[in-house]
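Read-outs: derived from the displayed coordinates by stated rules, not from any lab. A quick note: this is a predicted structure, and the numbers were derived from the prediction, not measured. Every residue, glycine as well, gets a Cβ built from its backbone with ideal geometry; the counts of neighbours run over all protein chains shown.
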Amino acid sequence: MRLSKWFSSFGVEKQLILIQLGVLVLSAVIGRYESVIHEFDPYFNYRTTRYMTKEGFYSFHDWFDEMAWYPLGRIIGGTIYPGTLRLMYVKQLLTSVEVSQRLRHSC
């Protein structure tokens with residue numbers, strides 16, 4: 001059974017409880033282990049999302065990052081996974097409704 005079908009089999013109240021439970025678990029992990037980014041891939045995603053939110057999508061699409069794949073560098077805009085783009089839009093959506101969310105906690 002697919003996860004979306006399984007999730008939609010619950011009523012709205014149970015869905016909200018599951019979402020709240022998930023947020024509570026993630027908050028507990030951040031509270032206990034702090035918001036330290038471990039390993040290199042999440043840090044790379046954090047840097048690219050931070051660059052995209054500050055400089056904009058078009059500047060990001062043409063960005064050549066000298067720090068990635070050192071010493072050769074890498075063209076970032078065309079080779080990045082779509083999750084980074086989604087994260088930028090979620091951050092902009094939360095900012096537009098005046099919800100304070102640190103980017104480091106989302107990566």
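Here are the numbers for this structure:
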item	result
Net length gained if the chain between V25 and I75 were fully extended (0.36 nm per residue, minus Cα distance)	14.4 nm
Stretchable slack from V90 to K5, in nm (0.36 nm times residue separation minus alpha-carbon distance)	28.2 nm
Packing-based order for 73-79, 41-47, 24-30, using average beta carbon neighbours within 10 Å, highest first	41-47, 73-79, 24-30
Residues of type lysines that K14 reaches as a straight line, Cα spacing below 22 Å, ignoring anything fewer than 8 places off in the same chain	K5
